[in-house]
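Here the structure comes first, spelled out in structure tokens, and everything after it is commentary.
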Amino acid sequence: MQTLEIIKIGGKVIDVGMSLRKVLQAVAQLPQPKILVHGGGSMASTLAERLGITPVMVAGRRVTDAAMLDVATMVYAGKINKNVVADLQSHGCNALGLSGADAAIIRAVKRPVGDIDYGFVGDIEQVNTDTLSAFLELGLTPVFSAITYQRDGLLLNTNADTLAATLAASLAGQYAVRLTFVFEKAGVLDAKGKLITRLDEATFMRLKQEKVIADGMIPKLENAFAALAAGVQTVRLASDIYLLNNKLPCTTLIATP
């Protein structure tokens, strides 16, 4: 099968202009078909605070009320998405900026209220892989923000790591998918701050219980292991510098025997 690179960028990489530009140049130079997924949480939080809206996070996941949904849509699907697309175009990569609603590619459903009411947060229920594959066959590079939609037309905020992992899992039957989560750290670190180059799920669960892995890294790794279990060939967590020099160490997930 043809190799497909799915790269999710987030964390401080989005916030630091020079770092982001170098990452996008590296993505543009990848010769194989590729999909880029971006977050933008800190930028959304900054704008929300300027507008008098208090951001709320629970266990590394954003609670999205109606006001925060407006901010997330403006920042994710607007400012960040279009700037990323324009930058990729400047490097000769024919990018197409998308939310899940565009071409009905990623449909979600509003998360039911349980112990926590996450508000207008969407859990993905369907990915239109035929349309997505058609874009790739045209030589386009889809660039996804983390905004999805519900069947009744309601926009929803979906965790960007979840979105990237779900796209990877959905396309794993058609492509040899390599999924890379890019952020400001070299990968997953142990209690002494040393990089873990190979990580299995049992070790992840132990480090989570010991609170070595906490906050936003928990859902990131949960999504990463879910993608690996769904048939994604390679799942890595790496720094922005790794994209510029893939001989540098990173964290590669390994399946439990």
| said: Within segment 176-184, does at least one residue satisfy the condition of being touching a helix residue (DSSP H, G or I) at 6+ places or on another chain (Cβ under 9 Å), under 19 Å from residue 231 (Cβ atoms) and part of a loop (DSSP other than H, G, I, E, B)? | reply: no
| Every residue from segment 121-163 that is over 27 Å from residue 30 (Cα atoms), of a type outside the set (Gly, Ala, Ser) and not in a strand (DSSP E or B) | 150, 151, 152, 154
| Would a scan of segment 210-230 turn up a residue that is part of a strand (DSSP E or B) and under 28 Å from residue 2 (Cβ atoms)? | no
| Residue ID - surrounded by the most Cβ atoms within 10 Å (Cβ to Cβ), chosen from residues in segment 154-196 that are more than 24 Å from residue 32 (Cα to Cα) and β-branched (Val, Ile, Thr) | 158
| task | Given the conditions (1) crowded, with 21+ Cβ neighbours inside 10 Å; (2) under 19 Å from the mean Cα position of the chain (by Cα); (3) not β-branched (Val, Ile, Thr), report the number of the one that residue 204 does not fulfil. | result | (2)
| task | Could you please let me know if residue 166 is hydroxyl-bearing (Ser, Thr, Tyr), closer than 26 Å to residue 67 by Cβ, in a helix (DSSP H, G or I) and touching a residue at least 24 places away in the same chain (Cβ under 8 Å)? | result | no
| field | Within segment 83-116, considering residues that are charged (D, E, K, R) and outside any strand (DSSP E or B), the one surrounded by the fewest Cβ atoms within 10 Å (Cβ to Cβ) | value | 115
| message | If I filter segment 106-143 down to residues being over 17 Å from the mean Cα position of the chain (by Cα) and aliphatic (A, V, I, L, M), which single residue comes out as nearest to residue 73 (Cα to Cα)? | response | 109
| remark: Out of (1) under 26 Å from residue 25 (Cα atoms); (2) surrounded by 14 or more Cβ atoms within 10 Å (Cβ to Cβ), the one residue 213 does not meet is (1)
| task | May I ask you to verify whether residue 128 is under 23 Å from residue 33 (Cβ atoms) and modelled with pLDDT of 95 or more? | result | yes
| message | Going by what's in this entry, would residue 138 be described as of a type in the set (A, V, I, L, M, F, W, C) and surrounded by 23 or more Cβ atoms within 10 Å (Cβ to Cβ)? | response | no
| How about segment 1-65: which strands (runs of 3 or more DSSP E) wholly inside it have at least 2 residues that are more than 27 Å from residue 112 (Cα to Cα)? | 3-9, 34-38
| request: Could you grab the pairs with beta carbons closer than 7 Å, sequence gap of 6+ or different chains, first residue in segment 61-74 and among the aliphatic types (A, V, I, L, M), second one assigned to a helix (DSSP H, G or I)? | output: 68/48; 71/44; 71/47; 71/48; 72/44
| request: State yes or no: is residue 199 farther than 29 Å from residue 32 by Cα and either touching a helix residue (DSSP H, G or I) at 6+ places or on another chain (Cβ under 9 Å) or surrounded by 18 or more Cβ atoms within 10 Å (Cβ to Cβ) (or both)? | output: no
| Only one of 243, 228 is within 23 Å of residue 34 (Cβ to Cβ), without any contact (Cβ under 8 Å) to a residue 40 or more places away in the chain and surrounded by 21 or more Cβ atoms within 10 Å (Cβ to Cβ); which? | 228
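The values are calculated or read from the model by the stated rules, or taken from the named source; none is laboratory data. Computed from a predicted model, the values in this text were never measured in an experiment. Cβ atoms come from the backbone with ideal geometry, glycine included; neighbour counts cover every protein chain shown.
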